[in-house]
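The values are calculated or read from the model by the stated rules, or taken from the named source; none is laboratory data. Worth saying up front: this structure is predicted, and the values here are computed from it rather than measured. Every residue, glycine among them, receives a Cβ derived from its backbone with ideal geometry; neighbour counts consider all protein chains shown. To get the accessible areas, we keep the full protein, side chains included, count just its heavy atoms, and leave off ligands, DNA and RNA. Shrake-Rupley method; radii C 1.70, N 1.55, O 1.52, S 1.80 Å.
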Amino acid sequence: MKLRHLVFAAQVLLITAVLQANPPIQFFKLPAEPLIRIGLLTNASSVAITTSDTELVASSLDEPQRYLATDRITVSARAYRPPTYEQYIFEIQNIPNANEANGVAAEVREQTGETAQVSVEEGKATWKVWIGAPKESKEEADAFKAMLSEKGVDDVVVVAETKTVVSNDAVALSQQVRNAGKSEVRSLVRSTGSSSVTNSNYIDPNLREVIVSGPSEPAKYSSLKSVSFGSYNDRVNPVRLNGKAYRGKLEVFVNSRGSLTVVNVVPLEDYLLGVVPSELSLPQLEAQKAQAVAARTYAIANQDTYGNKGFDMVPTVYSQVYKGVSIETAMGTRAVRETRGIVATYQGKPIMAYFTSTCGGRTENSENIFDHGEPYLRGVECSLEGHRHFDPFTIRTVRIPARVRSESNVELVRLMSILAVNGFSLTTNQMTDDWFDNEPTVGEISNWLNQLASRFGKVYPNVTRETAKPAELARILSSMIYTPGAPDTLLSDSDVNYQLGFDDAGEVPVASRADIAMLLRDGYFSLRPDMTLQPNRPLTRAEFLRLIRQILEKRKWTPTLQSGQAKATVDGKLVVRNGKSDRQMIVRPDVFLFRMFGTTMYPVREAALIGGENVRFQMDGSGAVAYLEIEPTEQTTVAENMSPFTNWNTTLSAGEVQSRLSRYVRGIGTLYDVNIKTKGYSRRAVELEIIGSNGTKSLKGGAIRSALRLREQLFVINKRYSGSTVASYTFTGRGWGHGVGMCQYGAYGLAKMGVKYDEIIRHYYTGVDLTQAY
C-alpha cells in the first residue's frame, strides 16, 4: 500500500513539473467575425461617394440613419460653424436712471401682465426695460408689439438679435480633442450622451466639420461626427469611393491636418475577397487558400496597428494589398469561403503571418530581418523535403536502365534505344558492356538488315551466321546500295587496291574485294580500331550498330526527334510549350528515358521535369511518347521557380552605393568598400561592413534591402576596380521581398505539386496550429 502511495505521489509531482514547464495552450476564439478598418485615404480635401443602387444611406454615432435620396454625394471639410438663430426682444430704452426704470417696469407689468426686467444699457449711462419673452419670428414680434400698444405701452423698440447655439457635439468633440493624446482623429467618435459631457462649455476654436453635399435636400448637411456611407443594398451594390467599389461602409472623418480620412469598415471575410487576388492571383486554389489563411491571420493580429489614425491597416504592402471589389475573382472568393474563420496560431495566439513574394529558395529567421524573433518565423527551404519535392514532376519508366562501364558504349545505349523505337529489334531487358561486346544473333541481324533493306527499297536478304562477318555483310550491303555488278564493273584493280590499303587487306576474299572497296570509298563501311578488317571475324553488336548509324547518317535517314521546352509535368504527362499554348502528351510506361549529366545523355529510370528543360522525343503510332531525352534546366528547382523575380542582377557605381547607404548610415565619409559581414540561415546578407574614410560602419537587418533599394538581400557582390579603388558593385541575387514567412510563389509551386493549403501553412510557419477562430 505504501509503495502505491509513493508511486502515485511521484506521478503527481511529475505531472505538476510538466505542466509548469509547458503551461496548457489557450485556444483562440473570437465571439464573432470582426470588422476591419482600412485607411483608404488620409489627406483628402474632398471625395466623391457614389452607388449604383437607388440611394446612399448615411449614419453617425447615436443618430438614426439618413436616407439621402441620391446616388452620389461629395464630402469635404470646413471650419466649424455653430448653428445660429435670430430672436426678437422688446425694450423701452434710454431711461435716465434706475428709479425711473424700475417705475416703468412696474407700470408695464401692471398694464400688460408680462414680465419686465431692468438693466443698464451696454456702453451707455442709461437704463432699459426688457418686456416679455423673446419671439422667434417677425410675425410673432409684430403681433406682440401691437398687443403692448393696445395696452398703453407705446414706446417699445423691437431689437433683432442673433444667437449662437453651443451644441453637445461641439462640447464633446472639444473634450475629445483636448484628451486625444496621440490620436489624429478630429471628428466625434464617442457617444455624446449626458454621461460623457461635462458642465464645461469650452469649444475648441479649431474644430472642423464634415460637409455632405448632394442634389437632394437630405444630402445637404454638416456633422462634427464621423459619417459612414453605404448603399441601400450594399451586398448587391457596393458603395464607391471616387469610382472604386468597396464592400462594407465608407467612414469619413476629419483628421489632425484638417483634411479628410476615409476608412473602409468591412467584415473581415469580405475584406479578404479584395486581398487574396491582390496578393496572390496565381491560379492554384490551395495556394490561394493558404493566402486567405495568412491574410486573415495577419489582419486579426494587426488590428489597431494604425489606431492613432483611426483605422487598423492600410491597403498597401505596408499592411496587405487590398483593391476592393474590382480585383475579386471566382477562385479567390472560393478560397476565402472554404477557409472561413481559420487562422494560424502559435500557443493559442494568432501569429504575425508575414509573407513575401519570392523568397529566393529559402526563407529567413525573422530576427535577421525585423527587430523581433518569433519561434514560428524560422527560415525554411522553399521545397518539400528530399525526393518528395520532385515526385509530382517525375516521369518514370519500367525499363531497366543500361549498365555500362565503357564510355564508348554510353552513346550506343542511346543509339540502340532510338533504333528500337524505329523498328530495330532490341532483344535484351538491360543493355550491358557484355551485350554490346557479343556477336548479334541471326534474328537480330535479320531484323536490322531488313530495316535497312526497307529504307533502300530492296528485298529482304537471306541471313546466316556468316552474315556477321565483314566479307558476307559487305556483299549484302552492296546489293542494297549499288546496282548489281557495279563495284566489280566500275572499279579497276588499282582502284580496289587503293581503297584496300589497310594492314590485312590480303585476307579479303577476291569475291568481296570490289564490294568492300566501294563501300569504304563511299563511307558505308569501316575498319576496326586497329586498322584491320578481319574479314572472317564476326562483328560485335557494338560494331554492327555503329555501322548502321554510319549508313543512316550517310543517307540522312537518322530518325528525327521532335524538340521543345518542357513545362512542369502534369499527371505523368509530358507538357511542351507549343506556340502560345501547351501540348500534353501521354508517356508510355516503357519509354526509353534519358537525362543529360554534363554533356552526355545517360539512361535513367526516372527524371523530373519542373519546367524549362529542353527535351527531344519521339512518339509511337498512337501518339504516346516512346523515347524521351531531357537536358536539365539551369533555372532554380525550388517551388517558387515560376516567379519572374527568382534571379536578378543590379549594377551600381560606387557613388550610387554611397549615396544610398548614406541615407541610413551617417558619417561614412568617402566610401572605400562594402562587404557582407554576416549571413543568415538563408545566406541572406544580414549585416554589411561599410568601410569609409571615417572608419568602419555597419548596417543590419531589413534596412540593407531598403538602403540599397534592391529587390531582396539574398545576394553576392562582385566588384569592378579602377586601380585599387572599387568603381562599381554588381549585386547578383534571388527573390523579391523581405524573405520572411510564407513565400507566395513557393505556395503556388507547392500547390501545383498537390500540396494542400494546411500543409503549405505549416511548411512556412514552424509549429503553428490551424484554429477555427469564429
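Some points to look at:
- Looking only at segment 327-356, and only at residues there that are under 19 Å from ASN302 (Cβ atoms) and in a loop (DSSP other than H, G, I, E, B), the one that is most open to solvent (accessible area, probe 1.4 Å): GLN347
- Being closer than 25 Å to LEU35 by Cβ and at pLDDT 95 or above holds for only one residue in ALA219, ALA245, and it is ALA245.
- Residue satisfying all of: in segment 685-724; in contact with a strand residue (DSSP E or B) (Cβ under 8 Å, 6 or more places away or on another chain) and of a type in the set (Ser, Thr, Tyr); nearest to VAL665 (Cα to Cα) among these: SER698
- If you go through segment 257-279 and keep only what is out of contact with any strand residue (DSSP E or B) (no Cβ under 8 Å at 6 or more places or on another chain) and part of a loop (DSSP other than H, G, I, E, B), you end up with just VAL275.
Quick grid of which residues meet (1) in a helix (DSSP H, G or I); (2) open to solvent by less than 20 Å² (accessible area, probe 1.4 Å):
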| residue | (1), (2) |
| --- | --- |
| VAL47 | no, yes |
| ALA58 | no, yes |
| ILE89 | no, no |
| GLN111 | yes, no |
| GLN117 | no, no |
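- Residue within segment 298-310 that is open to solvent by less than 30 Å² (accessible area, probe 1.4 Å) and within 17 Å of the chain's Cα centre (by Cα) present: yes
- Residue in segment 590-609 that is within 29 Å of the chain's Cα centre (by Cα), open to solvent by 50 Å² or more (accessible area, probe 1.4 Å) and closer than 24 Å to ASP391 by Cα present: no
- Consider segment 407-428 and keep the residues that are open to solvent by 40 Å² or more (accessible area, probe 1.4 Å) and over 48 Å from the mean Cα position of the chain (by Cα). The one that is modelled with the lowest pLDDT is SER408.
- A single member of LEU547, LEU500 is within 60 Å of the chain's Cα centre (by Cα) and at pLDDT 95 or above, and it is LEU547.
- Matching strands (runs of 3 or more DSSP E) fully within segment 679-774 where at least 2 residues are under 30 Å from VAL657 (Cβ atoms) and over 19 Å from the mean Cα position of the chain (by Cα): 685-692, 695-700, 715-722, 725-734
- The residues in segment 67-87 that are of a type in the set (Lys, Arg), over 41 Å from the mean Cα position of the chain (by Cα) and either open to solvent by less than 40 Å² (accessible area, probe 1.4 Å) or closer than 21 Å to ARG235 by Cβ (or both) can be counted, and the count is 0.
- Of all the numbered requirements in (1) assigned to a loop (DSSP other than H, G, I, E, B); (2) surrounded by 23 or more Cβ atoms within 10 Å (Cβ to Cβ), ARG235 misses one, and that requirement is (2).
- Residue in segment 702-716 that is surrounded by fewer than 16 Cβ atoms within 10 Å (Cβ to Cβ), at pLDDT 95 or above, farther than 27 Å from ALA295 by Cβ and of a type in the set (Ser, Thr, Tyr) present: no
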